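This report refers to the structure that appears directly beneath it.
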Amino acid sequence: MADASNTPQPAMPDDLPEALPLTPAEPAEELEDTKPNQATSETKAVEANDDQQADDAEVSTESEASAEDAEPASPADEEVPLVQRMEGAVSHSPDEPIVIEVGEPAPQPAHTTPLAATGDLLMMMSDNGTRQLPPESAFDYVPLAHVAFSQATDIGRTRTNNQDAIYSFFATGRTSETIPDFGVFVVADGMGGHQDGEKASAIAARLIGEYILSKLYLPLLATEAPPNDVPIAELLENAIQFANGKVIAAVPDGGTTVSACVLMGDRGYFGHVGDSRAYLFNQGSLEKLTRDHSLVQRLIELDQLSPEDAADHPQKNVLYRALGQNDLVEVDTLTRRLPAGSTLILCSDGLWGQISDHAIAETITRGRPLQETCQKLIQLANASGGIDNVSVVLVKLPG
């Protein structure tokens, strides 16, 4: 250190304090306070002058200026990045900050923040996201599930063609609007020869479905409520009358039976002509919903024939009411609330004429999948002789 009474001399590089080595004792914040464009030696010189002023207050201004203008002590220090010069130091403790070179990605934490729970996400979305649908209980018709159905038809073992026709249309959905499950199901058994019978049944099944869809289902979609001007049972009767006129025009020598059901939620609307049948199976019991329009059934109602003798009667296939016979046909209609878990059966006489009602009920009781149950019923009918075409539609109510 120079004496205060002597004439100040210009400071030389050798007289400057040595640069302090970077060790763990040096806090990292001193390095962070240094600007990137400022020389490392200049920072150290300023620090040394601060110490010099503390020991000797008489150091001249010229000496301080000389120290500030001094050349960097080690050019290599400027060329080496700070991070590289820190590599030789011991590892920092977890509490010490880590200095990252500019442009280098920041270290990622070792763990990932868990996602919010589903309920939290829905709460977060409630303001700006998609509104939640109301609970299933908003559906008055089927609160927890929907209707299921299956269908099958078979030529049998003795016929050369299949004159039966089946038609099934079912629509369901899950929206905030209360549109119930909807279905149209038709079984038709044609009469009148090889071509006439199958053509008559096909026309009847198709046109009944088309009429109901255009007059009931499409307006239902447009208004979210069934049309009030015409009751559903009356619409079904009109549909059968409409099909009857078309069968007369297209197949003069043909005819067909019809058993049809319009399903609206848990209500069934039935229209029936001929000897195809509709059954309702519920809690182990099979109930026949329709009445056969046949000669033997009429004789049974008049107590002129027993049910046991009707099976072997020579005129058991003679019908006194069918589509395609007269310009106007009398249609039996019925409305029923279908119990939860019940099964609706529509079938031609090729099924109920070959196996008993007890066999039908026992087959459904076994709880097979619906399509498998359809096939099993047809197998039983064919195994019992299969003298006619066999058609069956099963509709399972939820619950």
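Taken together, the values in this text are just the output of simple stated rules run on the coordinates, not laboratory data. Model, not experiment: these values are computed from the prediction. Reconstructed Cβ throughout: ideal geometry from the backbone, glycine too, with neighbour counts over all protein chains shown.
Some values worked out for this structure:
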| quantity | calculated |
| --- | --- |
| Difference of contour (0.36 nm per residue) and Cα-Cα distance, Leu328 to Asp357 | 7.3 nm |
| Cut-off under 5 Å, modelled amide H: who pairs with Gly399 long-range | Gly341 |
| Counting all C-alpha pairs of segment 273-331, share separated by more than 14 Å (%) | 62 |
| J(HN,Hα) series, segment 166-181, from Karplus relation 6.51 cos²θ - 1.76 cosθ + 1.60, nearest Hz, glycine and proline x | 10, 9, 9, 10, 9, 9, 9, x, 9, 9, 6, 8, 8, 8, x, 4 |
| Sites Asn228 and Tyr320, calculated FRET efficiency, Cβ-Cβ separation with R0 25 Å, nearest 0.05 | 0.10 |
| Per-pair calculated FRET efficiency, R0 = 41 Å: Gln371 and Leu302 via Cβ, rounded to 0.05 | 0.50 |
| Which listed pairs, of Lys376/Lys396; Lys215/Lys396; Lys215/Lys246, have C-alpha distances above 22 Å, in listed order | Lys215/Lys396 |
| By average C-beta atoms within 10 angstrom, highest first, the peptides 210-223, 348-361 | 348-361, 210-223 |
